[in-house]
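The values are calculated or read from the model by the stated rules, or taken from the named source; none is laboratory data. Everything quoted here is computed from the prediction, not taken from an experiment. Ideal geometry is used to build each Cβ from the backbone, glycine not excepted, and the neighbour counts take in all protein chains shown.
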Amino acid sequence: MSAVNRIDARLAALKAAGRKALVPFVTAGDPSREATVPVMHALVEGGADLIELGVPFSDPMADGPVIQKSSERAIERKVGLTFVLEAVRAFRTKDATTPIVLMGYLNPIEMRGLERFADEAAEAGVDGVLLVDLPPEEADPVREVFTLRGLHLIALVAPTTTEARLGPLRTHAQGYLYYVSFAGVTGASKLDTGDVAAKAAIVRAHSPVPVLIGFGIKDAASAKALAAHGDGVIVGSALVQALAEATDPVASARAFLQPIRAGLDG
C-alpha cells in the first residue's frame, strides 16, 4: 500500500479542484456475485470518486429495508468476507487509484480475527473500513490495528451525536466523517435540508477531515442540495434499489450516477 492513503489523496485532490465527492454504496454480491466487480468499475465510469462496498451481514440493524434485503440476497449467494476481499483484489487489477471503503458490522471481522482481517484487507487493496456498530469508546484498539496497516477507520456522526461524543470523534477522525443526515435507518426520506445545514456546519467547523453526507440522497437534486453543506455525498439505498431492478446492472450503475455527477459539478 502506498504511503499516502488513497482516500486522503482523492479527497485532497477534489478539494484542490473545488469539487464535491460522490461516493456510491453497493452491497457486495448483489444483484449477483459476478456483477460485483463490473458494477464497481461502472460506478467509477459514472463519476464515483470513492466506493463504499457493503459487507453482507445477517442483522444489519442500521440499514433500512432496501439494504437489508440486498444483504439477505447476497448471503443467500454465500457472499461473505472472503468474497468481498476477492472482489476488491479483482477490482484492483484494473483500478489502482479509486479508494475502497468496506462498510459493515463488527461480527464478521471478529469471527475472522481483527489482525488477520486487517492484513488481508490491506493486501487486497482496501483503504478504509466503516463499522456501523463499533462504539467510539471502544474504537481505539481497532483503529491501532488498522492504522499499522495503512487502513483508515471511518467514523459515523449522527444528528443525535452529543458534543461530548463529537470531541473524540473529531480527534481521531481518519479519511472522512460520514455525517448521517437524520436519525433513523438508511433509505428513509425525512430529509430537512435546513436542519442538515445547521448540524453539518457544526461538525465541519471542527473536523480535521472532510465531512461527507449520507442518508436520504436519491437523485441529482437531493445530492446537490446536501453537497452544499458538506464535502461530498454518499448515495446508497436508491442505487441499491435501481441495481436490484435492473436487467443490466452495469449499465444501470453508470446511468444512475452520471446525472448526479453532472449535478454536483454543474
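Just a few scattered comments:
- Taken together, the residues in region 136-155 that are surrounded by fewer than 19 Cβ atoms within 10 Å (Cβ to Cβ), of a type outside the set (K, R) and not in a helix (DSSP H, G or I) amount to 2.
- Scanning region 46-97 for residues that are of a type in the set (D, E) and more than 21 Å from I109 (Cα to Cα) yields D49, D95.
- Residues that are free of Cβ contacts under 8 Å to residues at least 40 places away in the same chain and either assigned to a helix (DSSP H, G or I) or of a type in the set (V, I, T) (or both) were ranked within region 218-237; the one that is farthest from E52 (Cα to Cα) is A225.
- Test for A48: is it surrounded by fewer than 17 Cβ atoms within 10 Å (Cβ to Cβ) and within 18 Å of the chain's Cα centre (by Cα): no
- Restricting region 1-35 to residues that are hydroxyl-bearing (S, T, Y) and under 25 Å from R149 (Cα atoms), the residue that is modelled with the highest pLDDT: T27
- Among residues of region 93-108 that are over 15 Å from P38 (Cα atoms), those with a Cβ under 8 angstrom from a residue that is among the aromatic types (F, W, Y) and crowded, with 20+ Cβ neighbours inside 10 Å, sequence gap 6+ or separate chain, pair up as M103/F25; G104/F57; Y105/F57; N107/F57; P108/F57.
- Answer residue from region 15-35, given it is crowded, with 18+ Cβ neighbours inside 10 Å and touching an Asp or Glu at 6+ places or on another chain (Cβ under 8 Å) and is farthest from V66 (Cα to Cα) among those: K20
- Of the residues making up region 161-184, one or more are buried (at least 24 other Cβ atoms within 10 Å of the Cβ) and modelled with pLDDT under 90.
- Qualifying residue in region 48-68 (condition: part of a helix (DSSP H, G or I) and modelled with pLDDT of 95 or more): no
- Residue match in region 105-128 (condition: of a type in the set (F, W, Y) and either surrounded by fewer than 16 Cβ atoms within 10 Å (Cβ to Cβ) or closer than 26 Å to V196 by Cβ (or both)): yes
- Selected residue [at pLDDT 95 or above, outside any loop (DSSP other than H, G, I, E, B), closer than 22 Å to A139 by Cα and in contact with a helix residue (DSSP H, G or I) (Cβ under 9 Å, 6 or more places away or on another chain)] from A118, A90: A118
- Residues satisfying the stated conditions in region 61-75, i.e. within 16 Å of the chain's Cα centre (by Cα) and either under 21 Å from Y176 (Cβ atoms) or surrounded by 23 or more Cβ atoms within 10 Å (Cβ to Cβ) (or both): A62, D63, I67, S70, S71
- Considering region 239-251, and only residues there that are touching a residue at least 24 places away in the same chain (Cβ under 8 Å) and assigned to a helix (DSSP H, G or I), the residue that is farthest from I67 (Cα to Cα) turns out to be A251.
- Pick from region 186-202, criterion buried (at least 17 other Cβ atoms within 10 Å of the Cβ), more than 19 Å from R19 (Cβ to Cβ) and under 18 Å from the mean Cα position of the chain (by Cα), ranking: modelled with the lowest pLDDT: G187
- Check on G263, modelled with pLDDT of 95 or more and assigned to a loop (DSSP other than H, G, I, E, B): no
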